[in-house]
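Here is the structure we will look at, set down as structure tokens.
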Amino acid sequence: MSHFCLLRDPDSYVAQDYDLVNDAESRQYWLDLFERHFDDALRHAEKQYGSVAQIEQARTDFAESIRQLREKPDSLPGSRLSVLELCRLREKALRDNGLHDPYAHVKKRENDAAAKLYPQMVRELHAMSGEEKWLHLIERIFAGNIFDLGSPAIMNHADESPDFTETLANVKPRPWLVDDFDRLLEDLPDTPPTKWSKAVVLVDNAGPDFILGVMPLVRELAIYGTQVILAANELPSLNDITVDEMIEVVTGLAKNDPDLEALVQAQMFEAVSTGCDTPLVDLSEVTDELNDAASDADLLILEGMGRAVESNFDARFTVDTLKLALLKDPNVAAHIGGEVYDCVCRYEPADESDGE
């Protein structure tokens with residue numbers, strides 16, 4: 001495990017650059033949210049594993065961690081108190097008690113539901129071209145990204161499948177909170193090929209986020225000649241898709257999509273593990289597998305609020321970088337001057353960052 005090879009300045013990189021130790025208001029918000037959310041995680045754990053003793057032990061373990069942080073916010077050994085560290089504490093409490101994937105049943109349900117809508121998506125794309133198509137693909141990312149069980153706006157709706165068509169229709173119109181689409185469009189061609197030979201995509205959630213949001217965009221990039229490296233978590237966390245789940249999903253979609261099947265057979269897609277196990281991505285520790293695959297990439301896409309905003313919004317990279325997210329948490333949104341359901345399309349061409 002080492003720093004991500006595409007970081008512009010790995011020695012100064014810090015995943016999530018604000019510390020909750022010195023921000024009492026934000027600290028209380030996040031501790032309260034994680035405490036409430038853990039109860040929801042355990043409710044899903046009971047559905048997944050049955051009523052087992054480990055559930056109450058996990059509840060006790062996590063409650064004690066939160067209690068200690070309320071009393072002494074700087075008590076984490078060798079670490080700042082951040083949302084990333086809270087994620088790690090949550091996952092530790094679950095895994096220490098054998099509750100490795102509480103949301104497995106939710107991910108399976110959402111993958112199945114989204115896969116049924118995928119063929120219609122392909123037909124819609126075939127009828128589009130140029131700016132209309134690329135804008136539609138970005139809006140699909142925003143619509144898919146709404147189903148994030150780590151966010152307070154969504155976690156109470158985990159027992160129901162979102163209506164993707166309705167969600168897509170309700171995406172906020174441009175101009176978005178962060179709106180670099182016009183600049184991005186300058187680098188997106190009307191006809192193949194694209195300017196990029198290889199793209200690395202850090203993906204987020206299972207279900208409509210990956211199948212109806214990410215896959216349409218990367219499928220189009222691959223059709224236009226860009227090899228796509230899909231990078232996902234090694235271990236389960238919330239409803240994030242894991243690398244093994246991602247491989248299974250893409251294989252299933254290809255069976256009913258001749259274009260995707262041909263792209264897979266032509267090795268235009270590769271799935272790799274980031275080595276990460278939280279919804280936020282710490283790029284100071286990624287797998288050699290990811291770095292090997294990314295070493296000759298010329299485009300990086302960070303998708304989802306945790307990866308593109310919470311942990312890497314201000315991170316700079318040596319290649320063209322696209323950060324796409326729908327904001328679902330009021331605290332995260334306020335941190336960049338926005339509101340819940342605002343959209344982020346931040347495009348940072350490498351050559352325009354050289355002088356920074």
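Taken together, the values in this text are just the output of simple stated rules run on the coordinates, not laboratory data. Quick caveat, the model's predicted, so the values are computed rather than measured. Positions of Cβ are backbone-derived with ideal geometry, glycine not excepted, and every protein chain shown enters the neighbour counts.
One quarter of the surface of the convex hull around the alpha-carbon atoms of segment 17-95 equals 5.1 nm², the direction-averaged projected area.
With contributions of -39500 (n - 2.57) from each DSSP H run of at least four residues, the per-residue ellipticity at 222 nm computed over the chain stands at -13500 deg cm²/dmol. If the segment from A266 to T60 were pulled out straight at 0.36 nm per residue, it would be longer than the present Cα-Cα gap by 69.1 nm.
How big is the Rg/Rh ratio for segment 85-190, C-alpha atoms only, Rh by Kirkwood, two decimals?
With Rg and the Kirkwood Rh in hand, the quotient comes to 1.06.
Here the extension length gained between M128 and A24 equals 32.5 nm, from 0.36 nm per residue of separation less the Cα-Cα distance. Sorting the segments 108-114, 224-230 by their mean number of nearby beta carbons within 10 angstrom, highest to lowest, gives 224-230, 108-114.
Expressed as a fraction of 2.2 N^0.38 Å, the C-alpha radius of gyration for the chain is 0.96.
Spin-label model, I247 to D179: label points 7 Å out along the Cα-to-beta-carbon direction sit 4.2 nm apart.
Have a look at A315, A333, T251 and report the one farthest towards the positive end of the charge dipole of segment 104-353, computed about the Cα centre with Cβ charges (Lys/Arg +1, Asp/Glu -1). Result: T251, furthest along the dipole toward the positive end.
Taking every pair of alpha-carbon atoms in segment 142-251, give the share separated by more than 16 Å as a whole percent. Taking all Cα-Cα pairs of segment 142-251, the fraction more than 16 Å apart is 66 percent. Annotation: the antiparallel percentage among DSSP beta bridges lying fully within segment 166-276 is about 10. Estimated from the Cβ-Cβ distance and a Förster radius of 30 angstrom, the FRET efficiency linking S284 and R95 is about 0.90. With the biggest extent put first, the Cα atoms of segment 209-340 measure 43, 29, 28 Å across the principal axes. Each peptide in 91-99, 42-50, 185-193 gets a packing score, the mean of other Cβ atoms within 10 Å over its residues, and the list from highest to lowest is 91-99, 42-50, 185-193.
Under 21 Å Cα to Cα from K323, which lysines show up? Leave out anything in the same chain fewer than 8 places away. Leaving aside lysines fewer than 8 places away in the same chain, those within reach of K323 are K133, K172, K195, K198. Charge dipole (Cα centre; +1 on Lys/Arg Cβ, -1 on Asp/Glu Cβ; no other charges) of the chain amounts to roughly 820 debye.
Rounded to the nearest whole Hz, the Karplus-based 3J(HN,Hα) values (6.51 cos²θ - 1.76 cosθ + 1.60, θ = phi - 60°) of segment 316-332 follow the sequence 10, 10, 8, 10, 3, 10, 10, 10, 10, 6, 9, 7, 10, 10, x, 6, 5, with x at glycine and proline.
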